[in-house]
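To start, the structure under review is shown below, and the notes come after it.
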Amino acid sequence: MSAPKLVIGANGFLGSHVTRQLVADGHQVRVMVRPNASTISIDDLDVQRFVGDIWDNDVLREAMAGVDDVYYCVVDARGWLSDPAPLFHTNVEGTRNVLDVARTAGLHRFIFTSSYVTVGRRRGRTVTEADIITDRGLTPYVRSRVQAEELVLRYAREHGLPAIAMCVSTTYGGGDWGRTPHGAIIAGAAFGKLPFVMGGIELEAVGVDDAARAMILAAERGRVGERYLISEKMISNAEVARIAALEANMPPPTKTIPLPLAYALAALGTAKARLQKTDEKLSLGSLRLMRAEGPLDCSKAVQELGWQPRPVEESIREAARFWVGLREAKRQAKASRSE
């Protein structure tokens, strides 16, 4: 029997899908989750659990002992925080701590969940993994992701860690138990509670199942020290909402906030965050993350990994069905308790 696989952050959106696919593929799977974390996304799976956070070196060593592949799916994605210190604590220093343990664990592969925001996107051109981002004007969230990826690739060059960085775009699909911000848009559209969408917003997107499969393929076929862009296509925020609403038999949102108004609202959110020390999800930083600078070329993952993603529209429909099914299950459970 082959050595077990370890998924760190296995209860998260992408991590749970990586875990599910590994189990379905017949592997022995270990998972590492934080104490008191919700694990509803993996509770039905036959996996070996290790409870601890990314600063618990004893648990990290125990979990990595004897495994061949580690899938690192931990990220603080709260790009709207007024105090960015937690982003760097988790995304950079936390990653560094895990890398220090992993480099002596004798691994076959260390698959790191990075982001497509770490490549240099420019309007009017299609970008590849070779496009390097500059530090000028980056939001704290993006800086934390760039620094984390640079750490991983440096450990591959200088410490012999067999690491690969997967630059994953916005993920859609079922099983979004944590209600990601992009999943909330689908839920709102599926429930008929999304009064408007923001115009001029386009994101690179991929089905979460397809992103998980890319991670697994990278462990099998990826080149150490490389990064791979993982995205299916660019799609507008309005189109995501329309697809989700129609799948749930709801009318799509008809009102659109023009982009200049969205920037004005984001500027107000930024000012409020600075003055009142609050975390505002709509800020200039978060809006900049939603503005596409240029499409991605993912042919490297297709050619080298044999990755074949489905149209992301299918995953958006799956997400809408997940939310509708979850609401119906809650309704039935409530009805049963009242009888």
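The values are calculated or read from the model by the stated rules, or taken from the named source; none is laboratory data. If you're wondering where the values come from, they're calculated on a predicted model, not measured in any experiment. For neighbour counting, all protein chains shown are included, and Cβ atoms are generated from backbone atoms with ideal geometry for every residue, glycine included.
Suppose the filter is among the β-branched types (Val, Ile, Thr) and touching a residue at least 60 places away in the same chain (Cβ under 8 Å); does Ile230 pass it?
Working: among the β-branched types (Val, Ile, Thr): yes; touching a residue at least 60 places away in the same chain (Cβ under 8 Å): yes.
Here the answer is yes, as Ile230 does meet what is asked.
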Subject >> Scan of region 170-204 for residues that are at pLDDT 95 or above, small (Gly, Ala, Ser) and on the phi < 0 side of the Ramachandran plot, ordered by number >> reply: Gly174
Subject >> Given (1) modelled with pLDDT of 95 or more; (2) surrounded by fewer than 24 Cβ atoms within 10 Å (Cβ to Cβ); (3) at positive phi, index of the condition Gly124 fails >> reply: (1)
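Just the residues that are outside any strand (DSSP E or B), of a type in the set (A, V, I, L, M) and surrounded by fewer than 21 Cβ atoms within 10 Å (Cβ to Cβ), please, taken from region 15-65.
Restricting attention to region 15-65, the residues satisfying the condition of being outside any strand (DSSP E or B) are 15-28, 34-47, 52-65.
Still in the running and of a type in the set (A, V, I, L, M): 18, 22-24, 37, 40, 42, 45, 47, 54, 59-60, 63-65.
Across region 15-65, the qualifying residues are Val23, Ala24, Ala37, Ile40, Leu45, Val59, Ala65.
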Subject >> Counted residues, region 305-317 - those being among the acidic types (Asp, Glu) and surrounded by 21 or more Cβ atoms within 10 Å (Cβ to Cβ) >> reply: 0
Original post:
Pick from region 83-100 the residues that are surrounded by fewer than 17 Cβ atoms within 10 Å (Cβ to Cβ) and over 20 Å from Tyr155 (Cα atoms): which of them is nearest to the chain's Cα centre (by Cα)?
Top reply: Pro86
**OP:** Could you tell me which numbered condition Glu62 fails, if it satisfies all but one of (1) at pLDDT below 95; (2) within 20 Å of Pro35 (Cβ to Cβ); (3) acidic (Asp, Glu)?
**Re:** (1)
